[in-house]
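For reference, the structure discussed in these notes is given below.
The values are calculated or read from the model by the stated rules, or taken from the named source; none is laboratory data. Quantities reported herein were computed from a predicted structural model and do not represent experimental measurements. Using ideal geometry, Cβ is built from the backbone for each residue, glycine included, and neighbour counts are taken over all protein chains shown. Ligands, DNA and RNA are excluded from the accessible area calculation, which covers all protein heavy atoms including side chains. Shrake-Rupley method; radii C 1.70, N 1.55, O 1.52, S 1.80 Å.
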Amino acid sequence: MKHPVKLAALAALFTLAASESFACACGCGVFDVGTSAMLPTGTGGMAFIEYDFMNQNRNWSGTSRTSAADNTDKDIKTNFITVGGEYMFNRSWGVQVDVPYWARHFTTDTGGGNIQQFDHSAFGDVRLKGVYSGFSGDMSTGLTFGVKLPTGDYKYANFDRDTEIGAGSTDILLGAYHMGYLAGDFNWFANLQYDQPVLIQAGYRPGAEINTVAGIYYHGWSVGGVQIAPIAQIIDSERLQDRGTQANPEGSGYQRVLLSPGLEVDVSTIRIYADVAIPVYQNVRGNQLISGELFKINISRKF
């Protein structure tokens, strides 16, 4: 597999990091699936910084939009900044880490039509993973495995547990990915990650979550030494209900499908990736806030 092809494919995979969240049971683990800067293309290291934005301002119930009056939560705007990296010791084994920082604006009705707004910024839950990519010589198939640590703030007084920046849980993370040739200058990819909370704190167990993506990318464009790869993908994200005395089981859990076009620009050891993810199907339990589109930009450097 050619080097620019793998870069384009890996960039496509990290679109799973761009998916809307809900006022009840955030589901932001979708941001941590298969970013291009954290999947292997060879031995050595990769560092990245990523910015994501979503504005959850639409009340949704079942498969359709409903009145804002049905939900006491009115709006959640979140800016996500994540820094991280990967180091492959050889062509089979490596490690990954990402450290998120969130800035969240929350508008809610605290009772009797009393609309209040709260702003809070804090570090999120750190993810540590191992990588095995030794199934083939071109490293096109791999497994990831690791843990999400309860490092994020889950005690901010003005947020509910399902809108806190940190979940307070320790989770097991399992994933798999594959990239392959399709035809001509087109290749395809698939990626999956499962997030299972195992240890919880303060009466809140987030729902287990599984995210998958499949798509195609075109690697036939270049201008001078610049490689340009347009990408199209479809994303499926599912989450079970939250549990515990501080949870809202009847207002959490969902299935959603998104379409996401993206573009990667690859210049030497620097890659810039951007995409927008748009939901085309959503089925949520109870009333939850959703975002109409998700925005992402990722800049990474190989060393």
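Within segment 215-229, is there a residue that is buried (at least 17 other Cβ atoms within 10 Å of the Cβ) and not in a strand (DSSP E or B)?
Checked against the condition, which is being buried (at least 17 other Cβ atoms within 10 Å of the Cβ) and not in a strand (DSSP E or B), segment 215-229 yields at least one hit.
Restricting attention to segment 75-104, and to residues there that are under 13 Å from residue 291 (Cα atoms) and surrounded by 19 or more Cβ atoms within 10 Å (Cβ to Cβ), which single residue is farthest from the chain's Cα centre (by Cα)?
76
State yes or no: is residue 207 touching a residue at least 24 places away in the same chain (Cβ under 8 Å), open to solvent by less than 40 Å² (accessible area, probe 1.4 Å) and not in a strand (DSSP E or B)? I'd like the intermediate steps shown before the answer.
Working: touching a residue at least 24 places away in the same chain (Cβ under 8 Å): yes; open to solvent by less than 40 Å² (accessible area, probe 1.4 Å): yes; not in a strand (DSSP E or B): yes.
Here the answer is yes, as residue 207 does meet what is asked.
Here is a check on your reading of the model: is residue 198 open to solvent by less than 10 Å² (accessible area, probe 1.4 Å), touching a strand residue (DSSP E or B) at 6+ places or on another chain (Cβ under 9 Å) and touching a residue at least 12 places away in the same chain (Cβ under 8 Å)? First the steps, then the outcome.
Working: open to solvent by less than 10 Å² (accessible area, probe 1.4 Å): no; touching a strand residue (DSSP E or B) at 6+ places or on another chain (Cβ under 9 Å): yes; touching a residue at least 12 places away in the same chain (Cβ under 8 Å): yes.
For residue 198, the condition - open to solvent by less than 10 Å² (accessible area, probe 1.4 Å), touching a strand residue (DSSP E or B) at 6+ places or on another chain (Cβ under 9 Å) and touching a residue at least 12 places away in the same chain (Cβ under 8 Å) - is not met.
Kindly list the number of the only condition in (1) farther than 29 Å from residue 130 by Cβ; (2) in contact with a helix residue (DSSP H, G or I) (Cβ under 6 Å, 6 or more places away or on another chain); (3) among the hydroxyl-bearing types (Ser, Thr, Tyr) that fails for residue 260.
(1)
Being free of Cβ contacts under 8 Å to residues at least 40 places away in the same chain and not in a strand (DSSP E or B) is the filter; apply it to segment 111-148 and report the residue that is least open to solvent (accessible area, probe 1.4 Å).
Out of the qualifying residues, it is 126.
Quick one: count up the residues across segment 283-303 that are within 27 Å of residue 65 (Cβ to Cβ), surrounded by 22 or more Cβ atoms within 10 Å (Cβ to Cβ) and more than 16 Å from the chain's Cα centre (by Cα).
Going through segment 283-303 one residue at a time, the tally reaches 5.
Does residue 264 satisfy the condition of being open to solvent by less than 40 Å² (accessible area, probe 1.4 Å) and not in a strand (DSSP E or B)?
Details: open to solvent by less than 40 Å² (accessible area, probe 1.4 Å): yes; not in a strand (DSSP E or B): no.
No: the conditions fail for residue 264.
Any residue that is open to solvent by 30 Å² or more (accessible area, probe 1.4 Å), over 23 Å from residue 188 (Cα atoms) and of a type in the set (A, V, I, L, M, F, W, C) - is there at least one of those in segment 240-258?
Yes: segment 240-258 contains one or more residues that are open to solvent by 30 Å² or more (accessible area, probe 1.4 Å), over 23 Å from residue 188 (Cα atoms) and of a type in the set (A, V, I, L, M, F, W, C).
Among the residues of segment 167-185, write down those that are at pLDDT 95 or above and open to solvent by 60 Å² or more (accessible area, probe 1.4 Å).
Within segment 167-185, 172, 174 meet the criteria.
Only one of these is under 19 Å from residue 166 (Cα atoms), in contact (Cβ under 8 Å) with a residue 12 or more places away in the chain and within 18 Å of the chain's Cα centre (by Cα): 215, 253. Name it. Working first, answer last.
Details: 215 fails: under 19 Å from residue 166 (Cα atoms).
Among 215, 253, only 253 is under 19 Å from residue 166 (Cα atoms), in contact (Cβ under 8 Å) with a residue 12 or more places away in the chain and within 18 Å of the chain's Cα centre (by Cα).
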